[in-house]
1. May I ask for the Kirkwood hydrodynamic radius of the range 11-131, worked out over all distinct Cα pairs and given in angstroms to one decimal?
2. Expressed as an acute angle from 0 to 90° and rounded to the nearest 10, what is the orientation of the C-alpha long axis of helix 44-53 relative to the principal long axis of the chain?
3. Once you have the Cα-Cα distance between residue 26 and residue 125, take 0.36 nm times their residue separation minus that, and quote the gain in nm to one decimal.
4. Grab the DSSP H runs of the chain that are 4 residues or longer, score each as -39,500 (n - 2.57), total them, divide by all residues and round the 222 nm result to the nearest 500 deg cm²/dmol.
5. Given Cα pairs under 8 Å that are at least 6 residues apart, what percent is the relative contact order of the chain?
6. Would you work out if the range 93-135 is rounded, prolate or oblate? Take a ≥ b ≥ c from the square roots of the eigenvalues of the alpha-carbon gyration tensor; rounded if a/c is under 1.5, else prolate when a/b is larger than b/c, oblate otherwise.
7. Compute the length gained on full extension between residue 78 and residue 33: take 0.36 nm times their separation in residues and subtract their Cα-Cα distance, giving the result in nm to one decimal.
8. Based on the alpha-carbon gyration tensor of the range 10-79 and its eigenvalue square roots a ≥ b ≥ c, which shape applies: rounded if a/c is under 1.5, prolate if not and a/b is larger than b/c, or oblate?
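Please treat every number below as a calculation from the coordinates, not as lab data. Everything numeric in this text was worked out from a predicted model, so none of it was measured. Cβ placement follows ideal geometry from the backbone for every residue including glycine, while neighbour counts extend to all protein chains displayed.
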């Protein structure tokens, strides 16, 4: 049995992948498309627009991006007047492996922090954990 088959396939769960690197974005997209409904954004500003116009359960957020970084986008999502944005699970998926960045992200609205390269199994497990879908 493929390890990915152990995880819940729940197309009713909607994820937003926010990453400016096309290779990272494609890796996340193709790794998760069997399991969730997905949309993508290339930077934090696009992410803000997306969460204001659609309902997402989880945002996979890169930290370092042009236009608006993931930290600023997360702060704005959490301060939004839209109540549902306060409950979106935001999981940082970033190359920044600095403890101070992790602490800053979690203290200001992030729910988790994963460092790239991340395995598909780790992604699925983390998403399921935050959605309360333990398998």
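1. This gives a value of 13.9 Å.
2. 70
3. Full-extension gain reported as 33.7 nm.
4. Value at 222 nm, helices only, nearest 500: -11500 deg cm²/dmol.
5. 24
6. oblate
7. The residue 78-residue 33 span can extend by a further 13.6 nm.
8. Cα axes put the range 10-79 in the oblate bin.
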